[in-house]
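Visitor: Before I ask anything, here is the structure I am working with.
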Amino acid sequence: MRYTRERIATAILKAMNSLGRPDPARADDLAAQVETALAQTYGAEKLPSVEDIQDVVEAVLIENRLTDIARDYIIYRHRRAMLRAGRAREYAVSDNVPYKKLYQILLWNMEHECESVSALNRIIRAGRFPDLIAAADRRFEREVAEAADHVLRHPDEIRLVIVSGPSSSGKTTTTIKLAAALARAGLSLRPLNLDNYYFDLEKHPRDEFGDYDYETPEALDLALIDRHVSRLLEGRAVKTPHYDFKRGRRALEVHPLRLKRGEILLIDSLHGLDRRMTPGVPAAHKFRLYVEALGQFKTADGTLMRWADNRLLRRMARDKDFRNLQPIETLTHWHYVRRSELTNIIPFLGNADVIVNTALPYELPILKDRLFRYITAARRRFADDPKRLDAHIRANRVHDLLAPLRAVRDAACVPPDSLLREFIGGSRHFY
C-alpha cells in the first residue's frame, strides 16, 4: 500500500470536520507525525498495509490527546462497514468483506445479549455464562453441518475439499468436525499434506530481511500439487514428496497415495483459495471452505473488535502453553503473520463457497484471565520503542478491549469438543 501525506491529512481532516473543528494546518502536522512514525517502524523498503497506516493514525491522534477525533476516526471505519452489511444482503463478499455474514453474526449476538463488553459482563454476573457457551457452540456446530450439507448435496461432483483461513482461525477443529459430519453420511476425507511440497530451502523466496519466507504461495511447488491432485481425482496413484524441515530439503516420490472408494481429497492450506492452487481441477469438483473468527463484538467505547485481535489472543494462549513461546514473542511476530494474510489469503475470500464463523463470544473472558498480565507488560515495554510501534499499538488496543471485561478463571464449563480447546488445551480432539 503506497501512501501520501496528503491522503492521511485528508482522512484526519474529515474526522475533524465531523466534530465541527476543521483545522487543515493541524491535520497536516498530524499527518507528518504519522509519516515519521511509519518510516521509523517500517523503513523505506517495507510498505505498510492500509491496516498498518490506520493503526498509526489512531495512535498519533491519541498521543496528541485528540481522543475524541481518534474515536470518531475509528467509529467511522466501523460504521461504514456495518451500514454496508445491512444494505448488501445479496452479496456474499464485497471488498474482501462478507457483509451478509457479518450482519447475521451481529443479529445473533444481539439476540443472545452478548454483543458488547457490558452485555457480556451482565451474562457473567447473572450466572448465565454456561448457557452462552452452549448456545455459541451449537451455532458453530450448525454452521459446520451446513457446510457438510453443501458437499452432500453434490456427492457425485465434489471430489476435493479445500479448507482455508488465516492463523488461529480454528481450521483444524473445523476440519475435524466437517470430516465427522461427512463420515456419518459414509464419506471420508483423505488429507494431502502440502508441507511436503515446499521447494528446497535455497529456492524459497526471501523477505526484506533476507529470511526464508514459508508464508508465500511461491514457496510451494504449485505445479506439482496441481499435477498430483488431478491424477488422484482421476483414480490414479501418486507418490508424494517428503520435506525435511531440519535440512530444508525435499525428496521426490516417497509417500504412495491413492483415493479409495468414498474418499474425498482434502487440502488444508492458508493458500487454498488462491486460484493458482489446483487450477487443473474444474471448479465443479471443488468445495472451498473459508474459516475466520468473524466476531461482531463492541468494545467499551462502541467500536468493533477486530477479527485479527481475536485470533492474536488465541495464538498467544496456544503458543504459551504448547509451543514454548512467550506471549510477547507472539505479539511482536504478529505483524508478519498479518501482512502475509492481507497479501496471500484475504484477497481470495470471494472464491469461497461457504464461510464458517469460528468466533465464540465466551472465549474473550477466558483468554483475558490467561493473557491480560502479559499484554499489560507489553504496553509498558514497547511504549518508547519506535521499532516496536506495531506491537505497542496492538497491545494498547487489546488491553483497552479486555480491561473492562470480567475475566473467567475456571474454564471447566468449556466442553472438551469446543473449538476454544484447540487453543487452551483439554480437547478430546487430536491436533
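Visitor: Select from region 178-193 the residues that are in contact (Cβ under 8 Å) with a residue 60 or more places away in the chain and in contact with a helix residue (DSSP H, G or I) (Cβ under 6 Å, 6 or more places away or on another chain) and list them in ascending order.
Guide: Once the filter is applied, which keeps residues that are in contact (Cβ under 8 Å) with a residue 60 or more places away in the chain and in contact with a helix residue (DSSP H, G or I) (Cβ under 6 Å, 6 or more places away or on another chain), region 178-193 yields 178, 182, 189.
Visitor: Please list, ordered by residue number, the strands (runs of 3 or more DSSP E) wholly in region 235-324 having 2 or more residues that are closer than 20 Å to residue 140 by Cβ and either in contact with a strand residue (DSSP E or B) (Cβ under 8 Å, 6 or more places away or on another chain) or not aromatic (Phe, Trp, Tyr) (or both). Break it down stepwise before answering.
Guide: Working: elements: 238-244, 249-257, 263-268, 286-292.
So the answer is 263-268, 286-292.
Visitor: For residue 338, indicate whether it is over 30 Å from residue 382 (Cβ atoms) and either at pLDDT below 90 or among the hydroxyl-bearing types (Ser, Thr, Tyr) (or both).
Guide: Numbers: over 30 Å from residue 382 (Cβ atoms): no; either at pLDDT below 90 or among the hydroxyl-bearing types (Ser, Thr, Tyr) (or both): yes.
It is false that residue 338 is over 30 Å from residue 382 (Cβ atoms) and either at pLDDT below 90 or among the hydroxyl-bearing types (Ser, Thr, Tyr) (or both).
Visitor: Pull up region 325-340, narrow it to residues that are among the polar types (S, T, N, Q) and in a helix (DSSP H, G or I), then point me to the one that is nearest to residue 98 (Cα to Cα). Can you show your working first?
Guide: Filtering region 325-340 for residues among the polar types (S, T, N, Q) gives 326, 330, 332, 340.
Next, only the ones that are in a helix (DSSP H, G or I) stay: 330, 332, 340.
Details: 330: 27, 332: 28, 340: 20 Å.
Applying the filter and picking the extreme gives 340.
Visitor: To continue, here is another question. Out of curiosity, is residue 310 within 25 Å of residue 175 (Cβ to Cβ) and modelled with pLDDT under 95?
Guide: No.
Visitor: For region 1-32, which residues satisfy the criterion of being among the hydrophobic types (A, V, I, L, M, F, W, C), closer than 18 Å to residue 53 by Cα and not in a helix (DSSP H, G or I)?
Guide: Across region 1-32, the qualifying residue is only 1.
Visitor: Separate question: Go through 182, 178, 270 for me and flag whichever is within 22 Å of residue 419 (Cα to Cα), at pLDDT below 90 and of a type outside the set (Asp, Glu). Before the answer, list the steps.
Guide: Values: 182 fails: at pLDDT below 90; 178 fails: at pLDDT below 90.
Just a single option satisfies the conditions, and that option is 270.
Visitor: Please find, within region 282-307, the residue that is modelled with the lowest pLDDT out of those that are surrounded by 19 or more Cβ atoms within 10 Å (Cβ to Cβ) and small (Gly, Ala, Ser).
Guide: Applying the filter and picking the extreme gives 295.
Visitor: For region 354-361, indicate whether the set of residues that are in contact with an Asp or Glu (Cβ under 9 Å, 6 or more places away or on another chain), under 25 Å from residue 130 (Cα atoms) and surrounded by fewer than 18 Cβ atoms within 10 Å (Cβ to Cβ) is non-empty. Reasoning before the result, please.
Guide: Step one: list which residues in region 354-361 are in contact with an Asp or Glu (Cβ under 9 Å, 6 or more places away or on another chain), which gives 354-361.
Adding the requirement that they be under 25 Å from residue 130 (Cα atoms) leaves 356-361.
Narrowing further to those that are surrounded by fewer than 18 Cβ atoms within 10 Å (Cβ to Cβ): none.
No, every residue in region 354-361 fails to be in contact with an Asp or Glu (Cβ under 9 Å, 6 or more places away or on another chain), under 25 Å from residue 130 (Cα atoms) and surrounded by fewer than 18 Cβ atoms within 10 Å (Cβ to Cβ).
Visitor: Would you check if residue 384 is at pLDDT below 95 and either out of contact with any Pro (no Cβ under 8 Å at 6 or more places or on another chain) or charged (D, E, K, R) (or both)? Please lay out each step first, then the result.
Guide: Details: at pLDDT below 95: yes; either out of contact with any Pro (no Cβ under 8 Å at 6 or more places or on another chain) or charged (D, E, K, R) (or both): yes.
Yes: the conditions hold for residue 384.
The values are calculated or read from the model by the stated rules, or taken from the named source; none is laboratory data. The shown structure was predicted, so the numbers you read here are calculated from the model rather than taken from an experiment. Don't worry about glycine lacking a Cβ; one is built from the backbone with ideal geometry, like all the others, and counts go over all protein chains shown.
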